[in-house]
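Enquirer: Take a look at this one; I'll ask things after.
The values are calculated or read from the model by the stated rules, or taken from the named source; none is laboratory data. Just so we're clear, the structure is a prediction, and the values are computed from it rather than from any experiment. Cβ atoms come from the backbone with ideal geometry, glycine included; neighbour counts cover every protein chain shown. Surface areas here come from the heavy atoms of the whole protein model, side chains and all, with no ligands, DNA or RNA. Shrake-Rupley method; radii C 1.70, N 1.55, O 1.52, S 1.80 Å.
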Amino acid sequence: MNCVEKTFCQSFNWGEFNQTMGDKVYRFGIFDNERLIAVAQTIKIKAKRGTFLFVPHGPVILSGDNKEIVKTLLDYLKELGIKEKASFIRFSPVFTLNEENVKMFKELGFRNAPIHMHPELTWELNLIPTEEELLKGMRKTTRYLVKQAEKNPDVEIVKSMDEKDLSEFERVYLETAGRHSFTPFPPKYLKRELDAFKNDNEIVIFSGKYKGETVSSAMIVYWSKRAFYHQGASSSKYAKIPVSYLLQWEAIKEAKKRGCEIYNFWGVIPESEKNHPWAGLSLFKKGFGGNEKQYVKTQDYILSPIYWLTYIFEELRKRKRHL
């Protein structure tokens, strides 16, 4: 798709992944006189907290008026939502956070969602510069640690799409979840994500090893000239060995080889939130250089009073996780 703002959440394979997880997936195109101007992959989510239609990082707009396109899509989804017994419609838009876009959603009847489902604040690195220029653009400490890891004969970065490396990722991932007190995705989720993208060579597991032991791992999605650091994990063992820094640098170089123009580090938190559980991870990501990108907050359109049960559930969960 030749458009400025997009993530793999609107890719065909992400839809296929959601179908394997038991969700119903719809793919819509919006046309102007037979010319495609926007697409919107939409997922029906049926969870304990409620049933809703979800547009992940969409709609993706090729051309045309944002408000008209969102209204056209919303009008269609309202009918579909009632038919599917959904209590609300949720958009996780990739529209820049500004007064005009906030006003647009408000005028269309949306309200801010209690939680986000995909990042609203991301960190992106422009990959057009040379590798030498990218190194120069890193924070001094980050560049030093990358160079130190490159010189260390006991550090190795392995690339694969093999399930045995996914098992190693899961092991380190569970340790990371315990250390940072977040709920990890189950093994089934990770395996099906890998399966959905690997046949099109759109995903790579990077395993960072020290003396043959995996101590850092990441799942990187490569799609539509963009790379996404979607899943990551690191062990506290050998924490002083900068394996994770070299792993990221190798993932960035792989993105350049594939012709990617953007490396998306996925979610970060504002610098003001220094006590946030992800503050350290955000600092790590930003060390590689790049720019912050902030989207309009996740938006809900209410179809039924049942929505408020979901709202209360999500608000309580957010507070429990200190997010």
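Enquirer: Identify, from the list Lys256, Lys225, Lys285, the residue that is out of contact with any strand residue (DSSP E or B) (no Cβ under 6 Å at 6 or more places or on another chain), within 24 Å of Ser207 (Cβ to Cβ), at pLDDT 95 or above and not hydroxyl-bearing (Ser, Thr, Tyr).
Expert: Testing whether each residue is out of contact with any strand residue (DSSP E or B) (no Cβ under 6 Å at 6 or more places or on another chain), within 24 Å of Ser207 (Cβ to Cβ), at pLDDT 95 or above and not hydroxyl-bearing (Ser, Thr, Tyr) leaves just Lys256.
Enquirer: Inspect region 234-243 for any residue being open to solvent by less than 30 Å² (accessible area, probe 1.4 Å), over 18 Å from the mean Cα position of the chain (by Cα) and of a type outside the set (S, T, N, Q) and give the result as yes or no.
Expert: yes
Quick grid of which residues meet (1) under 28 Å from Phe12 (Cα atoms); (2) surrounded by fewer than 21 Cβ atoms within 10 Å (Cβ to Cβ); (3) out of contact with any strand residue (DSSP E or B) (no Cβ under 9 Å at 6 or more places or on another chain):
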position: Ser92; (1), (2), (3): yes, no, no
position: Asn112; (1), (2), (3): yes, yes, no
position: Thr122; (1), (2), (3): yes, no, no
position: Pro129; (1), (2), (3): no, yes, yes
position: Lys140; (1), (2), (3): no, yes, yes
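Residues are listed down the side, and each one gets a yes or a no for (1) in a helix (DSSP H, G or I); (2) free of Cβ contacts under 8 Å to residues at least 60 places away in the same chain; (3) aromatic (Phe, Trp, Tyr):
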position	(1), (2), (3)
Phe31	no, yes, yes
Ala38	no, yes, no
Ile43	no, yes, no
Val55	no, yes, no
Val102	yes, no, no
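Enquirer: Something else now. Residue check: is Ala251 in contact with a Leu (Cβ under 9 Å, 6 or more places away or on another chain) and either open to solvent by 50 Å² or more (accessible area, probe 1.4 Å) or among the hydrophobic types (A, V, I, L, M, F, W, C) (or both)?
Expert: no
Enquirer: Go through region 164-173 and give me each residue that's surrounded by 13 or more Cβ atoms within 10 Å (Cβ to Cβ) and farther than 17 Å from Tyr238 by Cα.
Expert: Within region 164-173, Asp165, Leu166, Ser167, Glu170 qualify.
Enquirer: Now for a different question. Looking only at residues that are more than 18 Å from Ala40 (Cα to Cα) and either touching a Lys or Arg at 6+ places or on another chain (Cβ under 6 Å) or touching a residue at least 60 places away in the same chain (Cβ under 8 Å) (or both) in region 77-90, which one is surrounded by the most Cβ atoms within 10 Å (Cβ to Cβ)?
Expert: The extreme case among them is Ser87.
Enquirer: Can I ask one more? Just to verify a result, which residue in region 245-270, among those that are of a type outside the set (A, V, I, L, M, F, W, C) and under 19 Å from the mean Cα position of the chain (by Cα), is farthest from Lys209 (Cα to Cα)?
Expert: Pro270
Enquirer: Between a residue in region 144-157 that is more than 19 Å from Gly212 (Cβ to Cβ) and any residue that is assigned to a helix (DSSP H, G or I), which pairs come within a Cβ distance under 6 Å, given they are 6 or more apart or on different chains?
Expert: Leu145/Tyr245; Val146/Tyr245; Val146/Leu246; Val146/Trp249
Enquirer: Please specify each residue of region 220-232 satisfying the condition of being touching a helix residue (DSSP H, G or I) at 6+ places or on another chain (Cβ under 6 Å) and open to solvent by 10 Å² or more (accessible area, probe 1.4 Å).
Expert: Trp223
Enquirer: Let me ask something else. Looking at (1) open to solvent by 90 Å² or more (accessible area, probe 1.4 Å); (2) modelled with pLDDT under 95; (3) over 24 Å from Val102 (Cβ atoms), which is the one condition that is false for Ser272?
Expert: Going through the list (1) open to solvent by 90 Å² or more (accessible area, probe 1.4 Å); (2) modelled with pLDDT under 95; (3) over 24 Å from Val102 (Cβ atoms), Ser272 breaks only (3).
Enquirer: I'm trying to understand the selection: among the residues of region 202-219, which are under 18 Å from the mean Cα position of the chain (by Cα) and either over 20 Å from Ser236 (Cα atoms) or surrounded by fewer than 21 Cβ atoms within 10 Å (Cβ to Cβ) (or both)?
Expert: Selection gives Glu202, Ile203, Val204.
Enquirer: Examine region 277-290 for a residue that is outside any helix (DSSP H, G or I) and touching a His at 6+ places or on another chain (Cβ under 9 Å), and state whether such a residue exists.
Expert: Yes, region 277-290 has at least one match.
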